[in-house]
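Nothing in this text is a laboratory measurement; each read-out follows from the coordinates by a stated rule. This structure is a prediction, so every number in the text was calculated from the model and none was measured. Ideal geometry is used to build each Cβ from the backbone, glycine not excepted, and the neighbour counts take in all protein chains shown.
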Amino acid sequence: MRRWLGTAGLALSAVVVMVAAGCSGDSAEREKQIHDEAAKAAAQAKPAVEEAGRAVKAAVEGAKEGWKNGKKETLDLNSASEEDLTGLPGIGKHEARRIIAGRPYHDQHELVSKKILSQAAYDMLKDDVRVK
C-alpha cells in the first residue's frame, strides 16, 4: 500500500511538472506531451494500484471471516446452569434462579412474556441466549 502511494505520488508529481514546463510553446505540442506523459505515469502506477486493490480485498475477506468466526457461544435457556446464567449481562443469582424455575422455554422471548425479566433486561442478553 505504501509503495502504491509513493508510485501514485510520483506519477502525480510528473504530471504537475509536465504541465508547468509545458506552459510555453505550441499548444497542440504541449497537449500531446502532457497526454503522453500522463499515459506513461498511469501505466507505471497501474501495477501498484492493482496490487493495493488485491491487498484491500484480502483484508476485507479476512475481516468478514473473523467477524463470522468470532461469534460467541450462546446459552440454552433450558439447560444452562445457574453459574452459566449469572455470566450473562444483568443476571444475578436471583434472576438465574427465576430463569431456571420458569423452564421449559419454547422461545427465548418467553423470559419477558412469563414476566421473568423486564424487556430492558431481556434486550441486554437476547443475543447471548437461545432455546433448543
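Please sort 46-55, 84-93 by packing, taking for each peptide the average over its residues of neighbouring beta carbons within 10 angstrom, highest first. Don't jump to the answer; show the numbers that get you there.
Values: 46-55: 13.2, 84-93: 14.8.
Most protected by this proxy first, the peptides run 84-93, 46-55.
Can you give the FRET efficiency for residue 103 and residue 73, using 1/(1 + (r/R0)^6), R0 = 30 Å, r = Cβ-Cβ distance, to the nearest 0.05? Don't jump to the answer; show the numbers that get you there.
Numbers: r = 20 Å, r/R0 = 0.65.
Step by step, r from the Cβ atoms, then E = 0.95.
Calculate the FRET efficiency for residue 33 and residue 60 from the Cβ-Cβ distance with a Förster distance of 35 Å, rounded to the nearest 0.05. Numbers along the way, then the final one.
Values: r = 40 Å, r/R0 = 1.13.
The value I calculate is 0.30.
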> Can you give the percent of C-alpha pairs in the stretch 74-115 whose distance is more than 12 Å?
Replying inline: 54
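Which value in Å is the Kirkwood Rh of the stretch 35-132 over different Cα pairs?
Numbers: mean 1/r = 0.0586 Å⁻¹.
Kirkwood radius, the stretch 35-132: 17.1 Å.
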>> Run the reach check for residue 93 against lysines, Cα to Cα strictly under 28 Å, same-chain hits fewer than 8 apart removed. What comes back?
In response: 71, 72, 114, 115, 126, 132
